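The values are calculated or read from the model by the stated rules, or taken from the named source; none is laboratory data. Computed from a predicted structure; not experimentally measured. So basically every Cβ, Gly included, is an ideal-geometry build from the backbone, and we count neighbours across all protein chains shown. Each accessible area value is taken on the protein alone, full model and side chains, heavy atoms only, with ligands, DNA and RNA left out. Shrake-Rupley method; radii C 1.70, N 1.55, O 1.52, S 1.80 Å.
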Amino acid sequence: MWNWFYKLASPPHFYRTATVLEPWLFWPALVLLAIGLYGGLVMAPADYVQGDGYRIIYVHVPSSYLSMFTYVTMAVTSAIGLIWRMKLAFCVAAACAPIGAAFTFMSLTTGAIWGQPMWGTWWVWDPRLTSQLILFFLYLGYMFLRQALAETRQADRASGVLAVVGVVNIPIIHFSVEWWNSLHQPASLSKLETPAIAGDMLWPLLVMILAYQLLMLALLMTGIRAQVLEREKNARWVGELLDTTGHEA
Amino acid sequence: MIRAFFMVMRRELTVAVRRWSDLVMPLVFFIIVCTLFPLAVGQDIEILNDIGPGAIWVAALLATLLSLNTLFRDDFEDGSLEQLVLDKEPLTFLLLAKTVAHWLVTGLPLVVLSPVLVLAFGMPVTAIPGVVLTLLAGTPALSLLGSVGAALTAGLRQASGLLALLLLPLTIPVLIFGARAADMAASGESIVGPLYMLGGISMLALTLTPFATAAAVRVSLD
Amino acid sequence: MDTASYRLEWRELALWRGDRCLQSGLNGQLEAGQALTVRGPNGCGKTTLIRTLCGLSQPETGEILWQGIAIHRNRPDLHANLAYAGHSNGLKGDLSTRENLRFAAVLRGRHTNQNELLHGLRLTDCADLPTRNLSAGQRRRAALARVLGSGAQLWILDEPFTNLDAAGIEWLGIRFNHHLSLGGLLLMAAHQASQVDPDRETVLDLPGINA
């Protein structure tokens, strides 16, 4: 167990592991994505209230879930990096940020697009959308802070502290936004609610969530590889790697 | 340890008093931002009444943000921060002393000034205790959260924009509860609920943020 | 006071700035009554080494031991015995020299005779002026006064002689030797001659970096 752990903690091994895993995550993700989209857009029946408009949940719900999942991953790996001084944990955290920001952005956009036919306006201060917007700001702050600190080691640790503070804050933000909303528009139907959903509508959603999860992991592997290469660019093994792969291509 | 805590606080306060322009600037800023609202929205007293509590809270948040820029940067540049890190007393504690001093010279004056602004927005006199209480319960959380952001950006030169970007999302819960409670106070409702929430957030911030601030200061000095 | 046991030790340190390795494989130790002077060309990592040894910066690899215990686990004890003066003087410009020194003394829980120190460093006349109004050399003296009056066993100084005049340098050398003769430890980065008794001094010449 420890042996495996130490092996994983060496950058070349970590890089190789990520390289091996990447296609095993990416291709299943694509297949599931195709199945899920076909199931959601073609096979599932139209909703009798929302018509075909509801079908955007097949993109919206998975991206909302992954926006949160990625942030938590980022915070947990940051904490690991801060506590045990593991540089590779910071690689994972740094790779998480752009992926999570992209999912959050997608969740916001699809939410807005959904809002147009449902509410007749592109933006409603719905509590979930508002929370997502704040989450997006948190991702931006994380990335800007990394950008501002030139020294990688400093950027890792500083952004790590920020991620941990952010993850403690997220439930509070979420709760406060819910509370704020309940005061302003009492008993309103939250438009992104997915009430008791029928089975033939549900399974494509579950497939899509799984597909997105695999896609996120595949992207994370790519991000990790880029991070490791960037940090180890002066190391000998990177030079050897470039000699063998770079010149072949 | 207690002695060191008060010594750090005393030094902060002495420096703050000697640099009184830095002390007064956020307060003037607070008032100016509040002045902008009637000028932008118009002098309809009903509208001003409605937006008053929110405007006061947004202005308080921005004024705190402005004052946070210098919280650690001066110490970073003149080397005092290194000395605090190398002190035998726990850094968490010494930085908390600095943060408390920061609240005393910015948060507390904002609280004291707020009744004037309540009246300026045409809210009833009975709203004053509510607004003052919400600011009193909420501004400590702003200073505490702010100290984390200020510590993270201490070593950066042009960091005020970054500081705002880092901090504003984190302070949203304080803003929501504070502004909403102030609003309820203005319309004569009971504000016990949100006031508890504000106090709770401040207490939580008091227990957790000093550690994050200390970690951030160490990182900034590395 | 039992000072014989004080000991700072470092093993296999590697220092990095960004993605450049400044120094690697540094081993060394400092014991009671000894001085170590770090020399080397600009940019070779003198300041980084000094800051790493007192725990402000983390080394890329390697470990630093104070009294045989890794410093990040022995922080209170190290800090209780450490006085550090870096590039920046650690003085608040709005406070006078006297106030700055009193602050440092209270934090250390120690009362020293300020006047004697101020007199020795020829700061008596300006001791009540805000330090921002002092000359660079006077501010340097004030920073050194904090170290000299700290009662700490381990002095870590980064370029202590910067901005000092000849008399100041000489006076400081006397104080250094006095500190060492009482069993103190002294670690400094310096370009000039260190003024320390050669019997007690070790010089660490850091090589420049080959780009």
Check your understanding: Could you give the accessible area per residue of region B:2-221, probe 1.4 Å, as a whole number in Å²?
Key -> 38
Review point. Out of every Cα pair in region B:1-106, what percent are spaced more than 21 Å from each other?
Key: 47
Check your understanding: In Å², nearest 100, what accessible area do chains C and B bury in total when the solvent probe is 1.4 Å?
Key -> 2600
Revision key, fill the gap. For chain C, the longest principal axis of the Cα atoms and the Cα long axis of helix C:97-108 enclose an angle in degrees, to the nearest 10, of 50
Point to revise | Total charge dipole magnitude, the protein assembly as shown, about the Cα centre, Cβ charges on Lys, Arg, Asp, Glu only, Debye to nearest 20 | key: 1000
Review point. In region C:51-156, what chymotrypsin sites (Phe, Trp or Tyr not before Pro) fall in a loop by DSSP, with at most 16 other Cβ atoms inside 10 Å?
Key: none
Practice item. For region B:2-221, with all protein chains present and a 1.4 Å probe, just round the carbon and sulfur fraction of the accessible area to a whole percent. Key: 72
Check your understanding: Between A and C, buried accessible area summed over both sides at probe 1.4 Å, in Å² to the nearest 100?
Key -> 800
Practice item. Go through A:Met74, A:Tyr58, A:Met118 and say which Cα lies farthest out towards the positive end of the charge dipole of region A:16-236; charges sit on Cβ, +1 for Lys and Arg, -1 for Asp and Glu. Key: A:Met74
**Study point:** Heavy atoms of C:His119: accessible area, 1.4 Å probe, square angstrom to 10
**Key:** 130
Review point. Roughly how many Å² is the accessible area per residue of chain C, as a whole number, for a 1.4 Å probe?
Key: 42
Practice item. Could you work out how far helix B:45-68 tilts from the main Cα principal axis of chain B, as a 0 to 90 degree angle to the nearest 10? Key: 10
Review point. Sorted by accessible area (1.4 Å probe), largest first, how do B:Thr92, C:Thr202, B:Thr106 line up?
Key: C:Thr202, B:Thr92, B:Thr106
Practice item. Please give the residues from region B:145-161 for which the solvent-accessible area of heavy atoms, probe 1.4 Å, is smaller by at least 10 Å² with all protein chains in place than with the chain isolated. Key: B:Leu145, B:Val148, B:Leu152, B:Leu156
Revision key, fill the gap. Ordered by number, the residues of region B:183-219 that have at least 50 Å² less accessible area in the complete protein assembly than on their own chain alone (1.4 Å probe) are B:Arg218, B:Val219
Check your understanding: Ignoring ligands, DNA and RNA, how do A:Phe26, A:Phe175 rank by accessible area with a 1.4 Å probe, largest first?
Key -> A:Phe175, A:Phe26
Review point. So for C:Thr131, C:Thr162, what's the accessible-area order with a 1.4 Å probe, most first?
Key: C:Thr162, C:Thr131
Practice item. With runs of 4+ DSSP H residues as the only contributors, calculate the mean residue ellipticity of chain A at 222 nm using -39,500 (n - 2.57) per run, divided by the residue total and rounded to the nearest 500. Key: -27000 deg cm²/dmol
Study note, to complete from the structure: Result for interface chain A to chain B, accessible surface buried in total, 1.4 Å probe, Å² to 100, stands at 2400
Revision key, fill the gap. Using a 1.4 Å probe on heavy atoms of the protein chains only, the accessible area for C:His111 in Å², nearest 10, reads 150
Practice item. Determine the shape class of chain C: with a ≥ b ≥ c the square roots of the Cα gyration tensor eigenvalues, call it rounded for a/c under 1.5, and otherwise prolate if a/b is greater than b/c, oblate otherwise. Key: prolate
Practice item. Over 31 Å between C-alpha atoms is what I'm after, so list which of A:Lys233/C:Lys92; B:Lys88/C:Lys92; C:Lys46/C:Lys92 land there. Key: A:Lys233/C:Lys92
Review point. For region B:36-152, what's the relative contact order in percent, using C-alpha pairs closer than 8 Å and at least 6 residues apart?
Key: 38
Point to revise | Heavy-atom accessible area per residue - region A:41-160, 1.4 Å, Å² | key: 41
Point to revise | Shielding by partners - mean other protein chain Cβ count within 10 Å, residues of C:54-60 | key: 4
Review point. Rounded to the nearest 0.05, what FRET efficiency is calculated for C:Ala80 and B:Val116 with R0 set to 30 Å and r the Cβ-Cβ distance?
Key: 0.05
Exercise for review: Summarise the accessible area of chain A (1.4 Å probe, protein heavy atoms) by the percent that is carbon and sulfur.
Suggested key: 71
**Study point:** DSSP-defined antiparallel bridges as percent of all bridges, the protein assembly as shown, nearest 5
**Key:** 50
Review point. Of all the accessible heavy-atom surface of chain C, with the other protein chains kept in place and a 1.4 Å probe, what percent is carbon and sulfur?
Key: 48
Practice item. Could you calculate, for region A:16-236, the ratio of the Cα radius of gyration to the Kirkwood radius, expressed as Rg to Rh? Key: 1.02
Exercise for review: Pull out a ≥ b ≥ c, the square roots of the eigenvalues of the alpha-carbon gyration tensor of chain B, then state rounded if a/c is under 1.5, prolate if not and a/b is larger than b/c, and oblate in the remaining case.
Suggested key: prolate
Point to revise | Positive-end extreme of charge dipole, region B:1-81 - chosen from B:Val33, B:Leu61, B:Leu13 (charges on Cβ) | key: B:Leu13
Review point. Looking at region C:86-134, which residues lose a minimum of 50 Å² of accessible area between their chain alone and all protein chains in place, measuring with a 1.4 Å probe and not counting ligands or nucleic acids?
Key: C:Ser88, C:Gly90, C:Lys92, C:Asp94, C:Leu95, C:Phe103, C:Val106, C:Leu107
Exercise for review: Take the alpha carbon gyration tensor of the protein assembly as shown, find the square roots of its eigenvalues, order them as a ≥ b ≥ c, and report rounded if a/c is under 1.5; if not, report prolate when a/b exceeds b/c, else oblate.
Suggested key: oblate
